[in-house]
Amino acid sequence: MTVFTYNSPLEYESRVQSFLLENEAMHNLPLGIIQRMKTDMGRFEKEPVLGYLDHLGEIKTVLMRTPPHMWILASHIELSDQDINILVHFFKDNHHPVPGMIGASDNVTRFAEAWKKAVGVEYEVHMKQKVFQLDEVLTHQKSPGHLIKATEDHAALAREWMHAFGQEANVVHSEDELNEVVERLLNEQTLRLWVVDGEPVSMVNQSRNTPNGTTVSAVYTPDAHKRKGYATSAVAALSQELLGEGYQFCCLYTDLSNPTSNGIYQKIGYKPVGNSMVVNFI
């Protein structure tokens, strides 16, 4: 078994895309990043690390990292102890930093234990997640209001809400990072607001695209407007809009510790396709 690496996103895509498309929604993160690399390499701070683990000409798992972020591990099956050991040696022998990892829960847990034993670092589970896919919206607008595209007039509100969303998700952004993210979302016109009587009350964003689908993210409602169905309506409306634009499906991640949001998304029509885990190494 061997880990092959690539410098060209196009060559990498040609090798790994068919593997990732076997479960496109589950692998929306690496597929979406490949799409971004093809169109805007300038978005990445440093050159990404692109690779896959090969066994007799077959891909066992896809791995990638866009520094300074964590590694992505994309697999269809539970990796063997030998697979995990090869990945550990690949990272060690090539002196690759491993700040964290996201991927299928079982594989990430076993890698974290192996990495801890190999290099003597502790790890923490940042979040246990479920990945959902929607092919048809079942629940449409239930609350008053309508969905609009956020504009520059909403920049201050978007920064405030994105900061609050990050705190809820336990993701810390610097002020510069936050400003950069909001500027990009407004420029790309992907950020949506649910508005009631002229007042924005909830937020949702269209994130990265895959070859056939797209991802919904950054669902946030401030405390003053919670439990009124605004987020449900916003997600349902954006999902319907995206399907109407020609995307075959929408997908999203949920925090398994929040049963309310998991139930809401399933009412809209999102169906679970797999479990994911994020671990951070300390």
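The values are calculated or read from the model by the stated rules, or taken from the named source; none is laboratory data. Keep in mind it's a predicted model, so treat the numbers as computed, not measured. Reconstructed Cβ throughout: ideal geometry from the backbone, glycine too, with neighbour counts over all protein chains shown. Surface accessibility is based on the protein's heavy atoms, side chains included, excluding ligands, DNA and RNA. Shrake-Rupley method; radii C 1.70, N 1.55, O 1.52, S 1.80 Å.
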Could you check the stretch 144-198 and list, in sequence order, the residues that are at pLDDT 90 or above, open to solvent by 50 Å² or more (accessible area, probe 1.4 Å) and among the small types (Gly, Ala, Ser)? Ala156, Gly198
How about the stretch 170-282: which strands (runs of 3 or more DSSP E) wholly inside it have at least 3 residues that are closer than 25 Å to Glu22 by Cα? 199-209, 213-220, 249-255, 271-281
Considering only the stretch 43-60, I want to know if a residue exists there that is over 25 Å from Asp93 (Cβ atoms) and not small (Gly, Ala, Ser). yes
Counting only residues that are within 17 Å of the chain's Cα centre (by Cα) and in a helix (DSSP H, G or I), which one in the stretch 85-128 is nearest to Leu50 (Cα to Cα)? Val108
Has the stretch 22-31 got any residue that is touching a Phe, Trp or Tyr at 6+ places or on another chain (Cβ under 8 Å), assigned to a helix (DSSP H, G or I), of a type outside the set (S, T, N, Q) and touching a residue at least 40 places away in the same chain (Cβ under 8 Å)? no
